[in-house]
Ligand code: AMP
């Protein structure tokens, strides 16, 4: 069945009330659209864990810095609706920016520490925009659970934190990054890449997988792992934005890996003018 397309909070509240009176559990998948298999994996898992899945499609202007790609961000609502239908999604919420941020809007959610460093430093205001829109969506839909990808790892930690701190009572589920067969993390922004840049972009995942292998082989020193990440980016002539090893939950910097301590290698780099991010878990033995 085609998903119902809603565009106002009033419509969402009616849907949510009907669902609640039927005693059904709802899973929410917030997205910016131009959906790919990474998004679909979140929808499928949502259907496993709840009775119905709602997807929001909203290119959130407040999470883009002034010179970023808000106006060129890829959009394809018809294609997105087909993907949602195929995945068994009940409802798609696709509001206009004026509906989410009407005249006079002035309320923001900031997650202090987790929004520092990594993408937080490189994209000023980004996580304030993300935290605010996700909080609004969780408050509107009041789902039992909401699903997010590990692809945006810092974002996932920010959302887990705000959900806990604001006692929203929503289960935040993080799911593994879905990749192209050659390793490139799926991203709506991959659509920007020329054929050459698409090849060069493989340096992100290649470096991360190499770091993972080294750690499995006994490497512990974060700075030598960072050097591996950097060398991979440099070999492909990609401009590094950051390459770091961080604690897997607090995102604090880590100098030496230790067994039982979750760690993450995270990179961001520019392929041409397209900024790409990726990350992997590091499991010291
Ligand atoms: P976006 O539309 O890029 O804002 O992403 C919406 C949700 O899909 C976020 O929770 C992302 O982390 C998640 N996502 C994006 N790309 C992937 C991927 N390759 N694998 C898994 N989840 C993803």
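Based on the Cβ-Cβ distance from residue 14 to residue 165, what FRET efficiency comes out when R0 is 41 Å, to the nearest 0.05?
Step by step, r from the Cβ atoms, then E = 0.90.
Give me the percent relative contact order of the chain, please, defined on Cα pairs under 8 angstrom at least 6 residues apart. All intermediate terms of the calculation are to be shown ahead of the outcome.
On the way: 534 pairs, mean separation 47.1, N = 285.
Here the relative contact order equals 17 percent.
How high is the FRET efficiency from residue 237 to residue 283, r the C-beta distance, R0 30 Å, rounded to 0.05? Please list the in-between numbers first.
Working: r = 31 Å, r/R0 = 1.02.
Efficiency, rounded to the nearest 0.05: 0.45.
In nm, to one decimal, how far is the residue 48 label point from the residue 247 one, both placed 7 Å along Cα→Cβ?
3.0
Of the DSSP beta bridges with both residues in the chain, give the percent that are antiparallel, rounding to the nearest 5. List each step's numbers first, then the result.
Details: 20 of 39 bridges.
Taking every DSSP beta bridge within the chain, about 50 percent pair in antiparallel fashion.
Shape verdict for the stretch 166-266, please, from the Cα gyration tensor: rounded (a/c under 1.5), prolate (a/b greater than b/c) or oblate.
Values: a/c = 2.06, a/b = 1.16, b/c = 1.78.
Oblate is the answer for the stretch 166-266, as a/c is 1.5 or above yet b/c matches or exceeds a/b.
As a check on your grasp of the helix formula, calculate [θ] at 222 nm for the chain: sum -39500 (n - 2.57) over DSSP H runs of n ≥ 4, divide by the residue count, round to the nearest 500.
On the way: 10 runs with 110 residues, N = 285.
About -11500 deg cm²/dmol.
For the chain, find the longest principal axis of its Cα atoms and tell me its angle to the long axis of helix 37-49, 0 to 90°, nearest 10.
Computed tilt is about 60 degrees.
Take the alpha carbon atoms of the stretch 7-74, find their center, do the same for the stretch 184-234, and report the distance between the two centers in whole angstrom.
Cα centroid of the stretch 7-74 versus Cα centroid of the stretch 184-234: 29 Å apart.
Bear in mind these aren't lab numbers, they're just calculated from the coordinates by the rules spelled out. What you are looking at is a predicted structure, and each value in this text was computed from that prediction instead of being measured. With ideal geometry, Cβ positions are generated from the backbone for all residues, glycine too; neighbour counts draw on all protein chains shown.
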